[in-house]
Amino acid sequence: MLGENKMKKNNEIESGTACLIDELVRESPARSLDIVKAAIQFALENHEGQYRAGGEPQINHALRVAIAAAKYARVLSYTNLVTPSMEQILICGSVNHDVLEDTEITDEEFCEQFSKEPCYKELGRELTRAVRAVSHEEEEEPDEVYLSRVEAGGMLAILIKRFDRLDNLQTLIRGTASEFRAQKLAGTSNEFATRKLSEVRMALPIWRRIDPEGSHQIEETLISMEAKNFELNLRQKEWPDLILVLAAVQLTVLFFKQRKLLAFRLRCWLQ
């Protein structure tokens, strides 16, 4: 049975990862728990040894995306707008959304993993379709092409990508923070974060079309991350001219405040 797959022992998993697994299990609807646990195990095995730019295990990102998906599915379950198979595709697809893109697993192998039981045959096909839709075909694939394929994958693929993009945005600055000191010493700028933020902003019109609900969250998160990136670049003295301009503005404001104060005191003295 899919639900009989045993999770790795907690002492074999980093504490942060173990906490995320526990949270995902808690957030997942009870009716889908067996297959969700199997999906977590599959993701753990296939992302083992993979790390993100800042040194974080790749599986942590996948788990956070799945937690967001599980919370969303739980809310929808109260309104009867989501069926068990839909929530299973959404959560299992989220925790495995990078497997086809970042590992040697083929579509056929992926589908087979989630089609071992007769009752899951259709689930395996739909799950593979959603995960394939959110998988990049090229490293630098333009968002116009990529998001068109995500859209063609249907609403569940769009939701998986929404939660993926939100987590990527929220962790973009944190994920590259450990490299800032090296970049500063090397005299280079935080080009990766700046470029990625710019790409997301350029893709906002597409998001507004394919996911009106999610586009608001993406835009709000983007604005917050742009502000953080701006602050970090200033701290690195990436933009010395801008710092001088800001300092000049502050001095000008101070000058006018002092001038007004002196004028006020002069008027009081003359009276």
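How would you rank 127-133, 202-208, highest first, on the average number of other Cβ atoms within 10 Å across their residues?
The peptides rank, most packed first, as 127-133, 202-208.
Name the aspartates and glutamates eligible as straight-distance cross-link partners of Lys228: C-alpha to C-alpha under 15 Å, and not fewer than 8 places from it in the same chain.
Glu191, Glu219, Glu220, Glu238
For Leu204 and Glu140 in one chain, what is 0.36 nm times their gap in residues minus the Cα-Cα distance, to one decimal in nm?
My answer for the length gained is 21.3 nm.
Which whole-Hz couplings ³J(HN,Hα) result when phi for each residue of the range 194-204 is put into the Karplus expression 6.51 cos²θ - 1.76 cosθ + 1.60, θ = phi - 60°, listed in order with x for Gly and Pro?
Whole-Hz 3J(HN,Hα) from phi for the range 194-204: 4, 5, 5, 4, 5, 5, 5, 4, 5, 8, 4.
Among Cys119, Ile89, Thr103, whose Cα sits farthest toward the positive end of the charge dipole of the range 84-154 (+1 at Cβ of Lys/Arg, -1 at Cβ of Asp/Glu, about the Cα centre)?
Working it through, the farthest residue towards the positive pole turns out to be Cys119.
Test of understanding: ordering Phe163, Phe42 by Cβ neighbours within 10 Å, fewest first, what list do you get?
Phe42, Phe163
Rounded to the nearest 20 debye, what is the charge dipole size of the range 21-156 about its Cα centre when +1 sits on each Lys and Arg Cβ and -1 on each Asp and Glu Cβ?
That gives the range 21-156 a dipole magnitude of about 920 debye.
Past 22 Å, Cα to Cα: identify those pairs from Lys37/Lys116; Lys71/Lys161; Lys161/Lys196; Lys71/Lys116, in the order given.
Pairs exceeding 22 Å: Lys71/Lys116.
Determine the shape class of the range 1-141: with a ≥ b ≥ c the square roots of the Cα gyration tensor eigenvalues, call it rounded for a/c under 1.5, and otherwise prolate if a/b is greater than b/c, oblate otherwise.
rounded
Using label points projected 7 Å from each Cα along Cα→Cβ, tell me how many nm separate Thr79 and Gln50, to one decimal.
3.2
Bear in mind that the values in this text are calculations on the coordinates, not laboratory data. Bear in mind the structure is a predicted one, so any value in this text is a computation, not a measurement. So basically every Cβ, Gly included, is an ideal-geometry build from the backbone, and we count neighbours across all protein chains shown.
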